[in-house]
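Structure, as structure tokens:
Nothing in this text is a laboratory measurement; each read-out follows from the coordinates by a stated rule. The model shown is predicted, which means the values in this text are computed figures rather than measured ones. All Cβ positions, glycine included, derive from the backbone under ideal geometry; neighbour counts span all protein chains shown.
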Amino acid sequence: MLEAMDIWEQSNELLGADAGFQRNGVVYLCDNEQEFTKHSEWLESAEPLGAKARVLNSAQLADLLPMAVRSWHGAVYAETDGCAEPQLAAPAFAKAAQRAGAIISIGDAVRGIETAGGRVSAVVTEKGAVKCSAVVVAGGAWSSQFLGNLRVRFPQLSVVTSAQCTAPGEQPLIPSLTGSGFITRKRVDGGYNVLCHGGEIHDITPASFRFLWDFRHLATSDNGVKLRVSREFFRDIHWKRSWKNNESSPFEEVRTWDPPIDEKNLDAGVLVAAAALPMFKEAKIAHRWGGVIDVTPDALPVISPIAAIPGLFLSSGYSGHGFGLGPAAGRLTADMVLGNAKAEELKPYRFERFADGSIRPGPALR
Ligand SMILES: Cc1cc2nc3c(=O)[nH]c(=O)nc-3n(C[C@H](O)[C@H](O)[C@H](O)COP(=O)(O)OP(=O)(O)OC[C@H]3O[C@@H](n4cnc5c(N)ncnc54)[C@H](O)[C@@H]3O)c2cc1C
């Protein structure tokens, strides 16, 4: 994340376009001593790695947020943290990649790969095969299913969440806030993203049972994800687990995985935010959307070769942090494929960690 922040900092020059990056700071609000201790412990563990943040007591937090009409126990404030705008950044990165020679093919589902002499020799799309010596699986929430068809087991589950933004307006709240039931982030257009904290839902599907053992430690962690039995179970059960390269794949059936919006949850997010910050009482909601977040058992991505199939690589499982991490994760993925990444650098993201039992869930998952 620290490397990603350095790249974000230079993103406008590197991309030749505005990615909307701003260092506006993030405040982790704590309602009680228990939350305060948890965040402070995180800070103690992250500081030696180079993370910069400080603990604020209730009075210091009140000074930072003069528009708030309630008090908190305290907070952890990462003043130099920042955010960028996905709608600006994603096309800016894509266009920069094209200028550097990348060919981007939007809307072509990849069905599988071909091998020759045991090594990757082509990637096969619904429109035909493209010869290559390396394939990176970076399919987000679809990666596990794609690899399953290649007999590679990747423990990955999905949570759905909803988000909303308010209409642009001149409002004084600058740092992003998270905790205490809500999340807010100021956008470059002057509006805010306002979410309900803890609005993530895992729809129970056959994959929940397939990967139950891998995710067992989450049963006792306070990660806030709610479990739900829904029609997703039947949709998932009906999907093919294996297919040939000349057959239609599940990706072609769905194309864009657009989960329903949880309106109630979003209404609650605005109410909770408005109870603390009256500026949200009058806020007009401009847009709402739903999304899928893919998670691994330790909430860390996999950036790794797949040893069973030389030439096949995985860069996935970003566990809700893939946008922020993206620039550094992309750099590491590229170096890995070119054989330039240091083994030490890749070690935490090894694919084998799920099979050899070496995963160490970090403080956020305890
Ligand atoms: C509401 C919401 C809020 C979030 N907030 C944050 C945040 O504040 N900070 C942060 O860092 N992250 C955040 N995230 C998470 C972030 O968006 C993801 O971690 C990130 O997008 C993952 O990137 P990815 O490239 O691994 O996967 P994706 O972005 O999902 O990209 C994978 C792409 O592969 C395509 N694909 C899959 N299978 C195939 C196939 N067979 N053929 C062709 N194409 C295929 C998919 O259609 C998709 O376009 C949020 C996510 C959501 C939903």
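Couple of notes before you dig in:
- Shape of segment 98-146, Cα gyration tensor, a/c cut at 1.5: oblate
- Pairs of Cα atoms farther than 20 Å apart, segment 1-145, %: 67
- 0 to 90° range, to nearest 10: angle between helix 322-338 axis and the chain longest Cα axis: 30
- One compactness figure for the chain is 1.03, namely its Cα radius of gyration divided by 2.2 N^0.38 Å.
- Proximal charge balance of Glu35 [Cβ under 13 Å; K/R count +1, D/E count -1]: -3
- Lys, Arg +1 and Asp, Glu -1 on Cβ, resulting dipole of the chain about Cα centre, debye, nearest 20: 980
- Computed from label points 7 Å out along Cα-Cβ, the spacing between Ala134 and Ile237 is 4.2 nm.
- With the simple model of a label 7 Å out from the Cα in the direction of the Cβ, Ala334 to Asn24 spans 2.8 nm.
- Extending 7 Å from the Cα toward the beta-carbon at both Glu13 and Arg119 defines two label points whose distance is 3.9 nm.
- Among 283-289, 151-157, 111-117, the order from most to least packed when residues are scored by Cβ within 10 Å on average: 151-157, 111-117, 283-289
- For segment 257-366, the extents of the C-alpha atoms along the principal axes are 55, 29, 24 Å, listed from largest to smallest.
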